[in-house]
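Notes for the one structure printed next.
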Amino acid sequence: MPRISTLAAAAALAVLFGVLPARAELVVLTDGRTIKTAGYQVVGDEVEIRPRGGGSYQVDMALVDRIVEDEVLVSEVEVKEVGFPETVAYDLSYREERKPLFGTAYDAIIQAAAKKHDVDASLVSAVIRAESNYEPKAVSRKGARGLMQLMPATAQRLAVRRPFDPASNVAGGVRYLKELLERFHHRPELVLAAYNAGENAVATYNGVPPYRETVGYVKRILSWWTPSLAAAVAPLNGPPPSTPSNSAGASH
């Protein structure tokens, strides 16, 4: 009997019972717990959580790792569109010739942080565009702050005391990208998905989580930044190459 994938099975059940997968807002706590909510609202340093059964309660934002706003499953085709061959990784370490994209007032800050933490500066610039569109005072509905939209708990862990200071915020965000690059072996789609949806979500699905928000986030960044043009290819299970790529710059 042919195997039916998790996504295909979910879609089939939805059709069978005449319903679509329910939208859910997920509040992921720093201890790994996930709360499915009917809604939420960030109020100062707390988030008011509204459970599906009614009522509400408040949680300190320092205990919230992230909020994933859309748990609706997407098709396997959509997930595969943001995937890369599992046998390769990219050298997404810092290279002098790979500059920040878009030509902004923050390029020097990006370049300095990328060089310090050995992260591709063009990748950093693309993440900033997706996160805040280069607004240093940006605050999202989820409570994320600054250029790289750091959640308070993430900022605290990374010792970012001034999240609205561009240099401090970017330094913290680049440090976090460095952690993700090391954990996910320089695989671009996994690094980007983890930055958006969290490392546990990527581990749970063994790839890009099938959330509309996350799939759209990864696709958007990859439309500006092309890792195959920016970086040399290396075996997934081996260390990233230490020699510079023959091709410089990135497509956007």
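Some values worked out for this structure:
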{"read-out": "Residue check for residue 190: touching a helix residue (DSSP H, G or I) at 6+ places or on another chain (Cβ under 6 Å), aliphatic (A, V, I, L, M) and modelled with pLDDT of 90 or more", "value": "yes"}
{"read-out": "Members of region 100-154 that are in a helix (DSSP H, G or I), open to solvent by less than 40 Å² (accessible area, probe 1.4 Å) and of a type in the set (A, V, I, L, M, F, W, C)", "value": "110, 113, 114, 121, 123, 124, 126, 127, 128, 130, 153"}
{"read-out": "Residue 105, sole failed condition from (1) more than 24 Å from residue 197 (Cβ to Cβ); (2) aliphatic (A, V, I, L, M); (3) at pLDDT below 95", "value": "(3)"}
{"read-out": "Inter-residue pairs, beta-carbon under 6 Å, first more than 16 Å from residue 131 (Cβ to Cβ) and in region 197-225, second surrounded by fewer than 16 Cβ atoms within 10 Å (Cβ to Cβ), 6+ apart", "value": "212/72"}
{"read-out": "Residue list for region 178-187, filter: crowded, with 24+ Cβ neighbours inside 10 Å and either closer than 19 Å to residue 143 by Cβ or modelled with pLDDT of 95 or more (or both)", "value": "181"}
{"read-out": "Complete set of residues in region 194-228 that are open to solvent by less than 50 Å² (accessible area, probe 1.4 Å) and of a type in the set (A, V, I, L, M)", "value": "194, 197, 201, 202, 208, 215, 218, 221, 222"}
{"read-out": "Out of 32, 54, sole residue that is closer than 27 Å to residue 158 by Cα, open to solvent by less than 70 Å² (accessible area, probe 1.4 Å) and assigned to a loop (DSSP other than H, G, I, E, B)", "value": "32"}
{"read-out": "Selected residue (only one of 88, 77, 82, 68 is closer than 21 Å to residue 219 by Cβ and loosely packed, with under 14 Cβ neighbours inside 10 Å)", "value": "77"}
{"read-out": "Selection count, region 75-94, where residues are within 13 Å of residue 207 (Cα to Cα) and assigned to a helix (DSSP H, G or I)", "value": "5"}
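The values are calculated or read from the model by the stated rules, or taken from the named source; none is laboratory data. Computed from a predicted structure; not experimentally measured. Don't worry about glycine lacking a Cβ; one is built from the backbone with ideal geometry, like all the others, and counts go over all protein chains shown. Accessible surface areas use protein heavy atoms only, side chains included; no ligands, DNA or RNA. Shrake-Rupley method; radii C 1.70, N 1.55, O 1.52, S 1.80 Å.
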